[in-house]
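The values are calculated or read from the model by the stated rules, or taken from the named source; none is laboratory data. Quantities reported herein were computed from a predicted structural model and do not represent experimental measurements. FYI the Cβ positions are ideal-geometry reconstructions off the backbone, even for glycines, and counts take in every protein chain you see. Heads up: the accessible areas ignore ligands, DNA and RNA and are worked out on the full protein's heavy atoms, side chains in. Shrake-Rupley method; radii C 1.70, N 1.55, O 1.52, S 1.80 Å.
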Amino acid sequence: MAKTSAGRTVQADGATSLGIETYSRLRQDILDAVLAPNSRLKARELCVRYAAGLSPVREALNRLLSESLVSHSAQCGFTVASFSLSELDEIVRTRRWIDEIGIRNSVRDGGDDWEERVVMACHRLSRTPRYAGDLDTQRNPLWYTAHRAFHLSLIDACGSAWLKSFSMTLFDAIERYRAIARKPGLARPTHQDEHRAIADAAVGRNADLAVSLLLQHYDLTAKLVREKLRRTADAFPEE
């Protein structure tokens with residue numbers, strides 16, 4: 001801790017950095033389904049897991065609670081948010097609504113700079129390995145970043161910061177479900193072609209085609225995830 005000239009106590013940069021790191025690592029483990037849905041998140045166990053104190057762990061849990069990645073009850077304390085087919089359907093349905101508006105407005109209003117952002121984001125995504133190492137189930141975190149940036153670029157000229165923020169919230173919400181689709185037997189060899197086709201339609205100013213391809217892209221992801229969830233119905237029950 002350090003004191004200001006007025007005598008107030010503030011966190012040192014190191015404490016702030018540790019809090020951010022703890023939040024980021026815990027969040028990533030939830031998104032990657034490393035921490036199973038409905039599993040209890042005991043603060044002291046998390047302190048050991050992430051080599052952090054109680055304060056950054058509690059801060060991380062509260063931030064994740066606000067993002068709906070963590071649940072809290074008086075009986076169980078903090079737990080990883082559950083999975084369900086009904087929630088999956090709701091997330092995908094809402095993404096379809098939000099991102100259709102975003103991409104249509106971007107195609108209509110975006111300038112040359114927007115086109116360049118879409119093309120560059122698509123190029124970076126295509127050059128980033130989807131998986132880490134030789135395993136086809138271990139996600140490459142750089143691919144996640146590039147994938148998120150690509151989807152944001154598509155709606156980046158929509159004219160609404162609120163829409164973009166909500167779209168990215170939904171992107172992160174579905175990421176936990178995409179982790180399920182990375183399991184063996186659910187390969188998706190044409191994934192990069194889907195992104196390139198969407199980008200080409202968007203910068204080609206064909207809004208109807210761009211929307212159609214984007215919604216197909218979302219629906220295929222949902223289909224793959226649903227197949228996996230049905231195979232593990234005991235762990236992820238229908239609500």
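When you scan the range 165-181, do you find a residue that is closer than 24 Å to ASN38 by Cα and among the basic types (Lys, Arg), even just one?
Looking for residues that are closer than 24 Å to ASN38 by Cα and among the basic types (Lys, Arg), one finds at least one in the range 165-181, hence yes.
For residues that are modelled with pLDDT of 90 or more and either within 19 Å of THR169 (Cβ to Cβ) or not in a helix (DSSP H, G or I) (or both), scanning just the range 127-145, find the one that is least open to solvent (accessible area, probe 1.4 Å).
Filtering the range 127-145 for residues that are modelled with pLDDT of 90 or more and either within 19 Å of THR169 (Cβ to Cβ) or not in a helix (DSSP H, G or I) (or both), the one least open to solvent (accessible area, probe 1.4 Å) comes out as THR128.
Return the residues of the range 167-191 that are on the phi < 0 side of the Ramachandran plot and either outside any helix (DSSP H, G or I) or modelled with pLDDT of 95 or more (or both); say none if nothing qualifies.
Scanning the range 167-191 gives SER167, ARG182, LYS183, PRO184, LEU186, ALA187, ARG188, PRO189, THR190.
Could you list, in sequence order, all residues of the range 192-212 that are part of a helix (DSSP H, G or I) and in contact (Cβ under 8 Å) with a residue 24 or more places away in the chain?
The initial filter retains those residues of the range 192-212 that are part of a helix (DSSP H, G or I), namely 192-203, 207-212.
Within the range 192-212, GLN192, GLU194, HIS195, ARG196, ILE198, ALA199, ALA202, VAL203, ALA207, ALA210, VAL211 meet the criteria.
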